[in-house]
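Working notes, beginning with the structure itself.
The values are calculated or read from the model by the stated rules, or taken from the named source; none is laboratory data. Computed from a predicted model, the values in this text were never measured in an experiment. Counting neighbours? That spans all protein chains shown, and the Cβs are built from the backbone with ideal geometry, glycine included. Ligands, DNA and RNA are stripped out before the accessible areas are found, and what is left, the full protein with its side chains, is counted by its heavy atoms. Shrake-Rupley method; radii C 1.70, N 1.55, O 1.52, S 1.80 Å.
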Amino acid sequence: MPFLRTDHWRCAIVHAPLAEIVDAASLNGFPITTLPDIGDHRFLADPFGLWRDGKLYVFAEAFDYRHPKGTIEVLIYDGTGRLLSRESVLEEPWHLSYPFVLEHEGEVYLLPEASASGRLSLYRATSFPKGWERVEAFDFPEAAIDATPFHHAGRWWMFWTPAGSKVERQSLLNISVADTLTGSWKNLGLFLNDRAGARPAGTPVVVNGKIILPTQDCQGTYGRGIRLLEIEGLERELPKVTPGLTISIPASLRRRFGDGMHTLSAAGQVTLIDVKKIGLGPKRDLLNVKRRLFGA
């Protein structure tokens, strides 16, 4: 079987709230629990989570280089950090990743990256965490990559990257606004063009009165690291984006997974991350592997 260089991701739970990590500008010094290794040529990435009834539900992309199409899985942990179960919850004919999960008005929603479908789709839980239905009323006019919603000042904001060229997928930040989660959404335009950190990479958080958005640093390699952006002016529909500090791979994971990190997401009193090492994987469907490596 022929092989090529591929990214191998590993998710982890950092036992500290995201605001505390942002304030410290570091992941060092916090206890970390790694999610399980799911086998050769397979990985979990893009973790997002929420707590319900004392359990942590971690949603992540599951990917297998031998059959390269991402699906969404959930891993359920109890309050002590013990893994209770892991199973697949969402699969489509196209690649899925970046399963941004949120609660709103008593419902749970999932907004995965699905640009290969030609659209951005919002899902509502019908039987959490395994049953999901597409929200047909959701009106977003772009096949956005890593779309990241944020409720602020009574309105909904979406940070996203256009589904363009490889370079555009790694370097552009657009912002849209809507009065409701389902829309309709108005694109306010392009606010940053910078491969050092523009593509969304996790949960926006307010720290010391400032909106902070994690983004991917894609200089040199896809998902090299995390850079924080400061967002101002949303209330006036005049966003200003200021690049801020970088967050490095935690020292405890750097030896094994020192080649990248591209998610920093909040889940209550914990934060979810993923880190990577570059190794070898089976050479199947090369086009899809390239998309996974270079900004799917």
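Details
- Built amide H within the under 5 Å cut-off of residue 225, gap 5+: 217, 261
- Average Cα contact separation per residue, the range 105-226, under 8 Å, 6 or more apart, as relative contact order %: 16 percent
- Separation between Cα centres of the range 77-96 and the range 104-178, rounded to whole Å: 19 Å
- In this Cβ point-charge picture (+1 for Lys and Arg, -1 for Asp and Glu), the chain has a dipole of about 1140 debye about its Cα centre.
- Interchain or long-range residues, amide H under 5 Å from residue 267's placed H: 18, 272
- Accessible area of residue 252 (1.4 Å probe, protein heavy atoms only, ligands and nucleic acids ignored): about 80 Å².
- Close amide H pairs (under 5 Å, H built 1.01 Å from N) link residue 145 with 161, 163, residues at least 5 positions away or on another chain.
- Values of log10 I(q)/I(0) for the range 84-183 across q = 0.11, 0.25 Å⁻¹ run -0.33, -1.48, by the Debye formula with one identical scatterer at each alpha carbon and no solvent.
- For the chain, the extents of the C-alpha atoms along the principal axes are 54, 40, 39 Å, listed from largest to smallest.
- FRET efficiency for residue 256 and residue 105, using Cβ-Cβ distance with R0 set to 45 Å, rounded to 0.05: 0.60
- Taking each residue as 0.36 nm, the span from residue 117 to residue 186 lengthens on full extension beyond its C-alpha to C-alpha distance by 22.7 nm.
- Heavy-atom accessible surface of residue 248, to the nearest 10 Å², is about 70 Å², with a 1.4 Å probe and all protein chains retained.
- Placing a label point 7 Å from the Cα of residue 126 along the Cα-to-Cβ direction, the residues of the range 152-186 whose backbone N falls under 20 Å of that point are 182.
- Two-site label geometry, residue 78 and residue 91: point separation in nm, points 7 Å out along Cα→Cβ: 3.0 nm
- With a 1.4 Å probe rolled over the protein heavy atoms of all chains, the accessible area of 51, 157 falls in the order 51, 157, largest first.
- FRET E, pair residue 19, residue 165, Förster distance 41 Å, beta-carbon r, rounded to 0.05: 0.70
- For the range 66-128, alpha-carbon Rg over 2.2 N^0.38 Å: 1.25
- Sulfur and carbon atoms: percent of accessible area, the range 154-238 [1.4 Å]: 46 percent
- For the range 3-133, the relative contact order works out to 15 percent when only alpha carbon pairs closer than 8 Å and six or more residues apart are counted.
- Each Cα pair under 8 Å and six or more residues apart adds its separation to the average, and for the chain the resulting relative contact order is 21 percent.
- Rounded FRET efficiency, nearest 0.05, which uses the C-beta distance separating residue 237 from residue 208 and R0 of 22 Å: 0.40
- In this structure, the pairs whose alpha-carbon distance is over 24 Å, taken from 55/130; 210/276; 55/210; 166/276, are 210/276; 55/210.
- Positive-pole candidate from 185, 242, 26, dipole of the chain, charges at beta carbon: 26
- Residues 92, 20, 105, 136 ordered from highest to lowest accessible area at a 1.4 Å probe: 105, 136, 20, 92.
- The range 217-226 - phi-based ³J(HN,Hα) in whole Hz, Karplus 6.51/-1.76/1.60, Gly and Pro as x: 8, 10, 6, x, 8, 4, x, 5, x, 10
- With θ taken as phi - 60° and the Karplus curve 6.51 cos²θ - 1.76 cosθ + 1.60 applied, the whole-hertz 3J(HN,Hα) list for the range 198-213 is 9, 6, x, 9, x, 8, x, 9, 9, 10, 6, x, 10, 7, 10, 10 Hz, x standing for glycine and proline.
- Radius of gyration and Dmax over the Cα atoms of the range 120-262, both given in Å: 15.9, 46
- Per-residue 3J(HN,Hα) values for the range 49-59, derived from phi via the Karplus relation 6.51 cos²θ - 1.76 cosθ + 1.60 with θ = phi - 60°, read x, 8, 9, 8, 6, x, 10, 9, 9, 9, 9 Hz in sequence order (x marks Gly and Pro).
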